[in-house]
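Here is the structure we will look at, set down as structure tokens.
The values are calculated or read from the model by the stated rules, or taken from the named source; none is laboratory data. The shown structure was predicted, so the numbers you read here are calculated from the model rather than taken from an experiment. FYI the Cβ positions are ideal-geometry reconstructions off the backbone, even for glycines, and counts take in every protein chain you see.
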Amino acid sequence: MLSNSYTSRRAQLETYFDRTASDAWAKLTSDAPVSGIRATVRAGRDRMRATLLDWLPADLRGKRLLDAGCGTGALAIEAARRGAHVIAIDLSATLVALARERAPEDLNGGSIEFHVGDMMDAKLGHFDHVVAMDSLIHYDAKDIVRVLSGVAPRTSGSFVFTFAPRTPLLTVMHNVGLLFPRADRAPAIVPVGGGSLERKIGEDANLRGWQVGRTQRIVNGFYTSQALELRKA
């Protein structure tokens, strides 16, 4: 069951990405020149995307992958080029439309199916791998585990995702709103303790049989995010 906090935050994110900052995010995820602050965020996201892709098999032919919170589609495109059938979903219809526009026709044998909606929708089916890059950073540890718990029973291989690590610098940065100008500031990012998150994962009944694997923190200027890998035991 979805919590009130998850539902409320999901609505805020949908409004933010569809109405408030769609142009800013379209520019951030392109090759267009951006400010110094946004440039560090762009570079950090590029490094994180490369990390998560490195944790997936190089050959994804015949595999079904969920890109949960696909944004403008960069990760989905790279996974499809490895041969995966990617289900790319995001709350923002604006970003999904942009992702469709950016997706090349030739995906080296792979494919992408775009959806607007919630990553936890059971109608999306079963997957070999799930990736959630920076789509859970606005949720607290309990809601992150609720998402993992809801999707993991329909996943047979790995679940790689990112969360906002609880660091003094990250907390201050987001409390004072330095990540974006006031006019298009994102809903608050919620710093989460890695140890606490792993304990909650271990306590969840639906996540029994899953093991915590690799973890990697990416810090680049105003971008800080931590990747965590879960694998079927």
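Only residues that are in a helix (DSSP H, G or I) and either β-branched (Val, Ile, Thr) or over 19 Å from HIS138 (Cβ atoms) (or both): list them for the stretch 1-22, please. Reasoning before the result, please.
We begin by selecting, within the stretch 1-22, every residue in a helix (DSSP H, G or I); these are 4-20, 22.
THR7, THR15, THR20, listed by residue number.
Quick one: how many residues across the stretch 1-51 are of a type in the set (D, E, K, R) and in contact with a Phe, Trp or Tyr (Cβ under 7 Å, 6 or more places away or on another chain)? Walk me through how you get there before you give the answer.
Kept after step one, since they are of a type in the set (D, E, K, R), are these residues of the stretch 1-51: 9-10, 14, 18-19, 23, 27, 31, 38, 42, 45-47, 49.
Narrowing further to those that are in contact with a Phe, Trp or Tyr (Cβ under 7 Å, 6 or more places away or on another chain): 9, 45.
Selection size over the stretch 1-51: 2.
What about ILE218, is it modelled with pLDDT under 95 and buried (at least 19 other Cβ atoms within 10 Å of the Cβ)?
Details: modelled with pLDDT under 95: no; buried (at least 19 other Cβ atoms within 10 Å of the Cβ): yes.
When the stated conditions are applied, ILE218 does not pass them.
Which condition breaks for GLY177 when tested against (1) out of contact with any helix residue (DSSP H, G or I) (no Cβ under 8 Å at 6 or more places or on another chain); (2) in a loop (DSSP other than H, G, I, E, B); (3) at pLDDT 90 or above; (4) not aromatic (Phe, Trp, Tyr)?
(3)
How do the pairs read when you match residues in the stretch 78-90 that are at negative phi and β-branched (Val, Ile, Thr) with residues anywhere that are surrounded by fewer than 24 Cβ atoms within 10 Å (Cβ to Cβ) and not in a strand (DSSP E or B), using Cβ under 7 Å and keeping only pairs 6 or more apart or on different chains?
Cβ pairs passing all conditions: VAL86/GLY110; ILE87/LEU124; ILE89/GLY117; ILE89/MET119; ILE89/LEU124.
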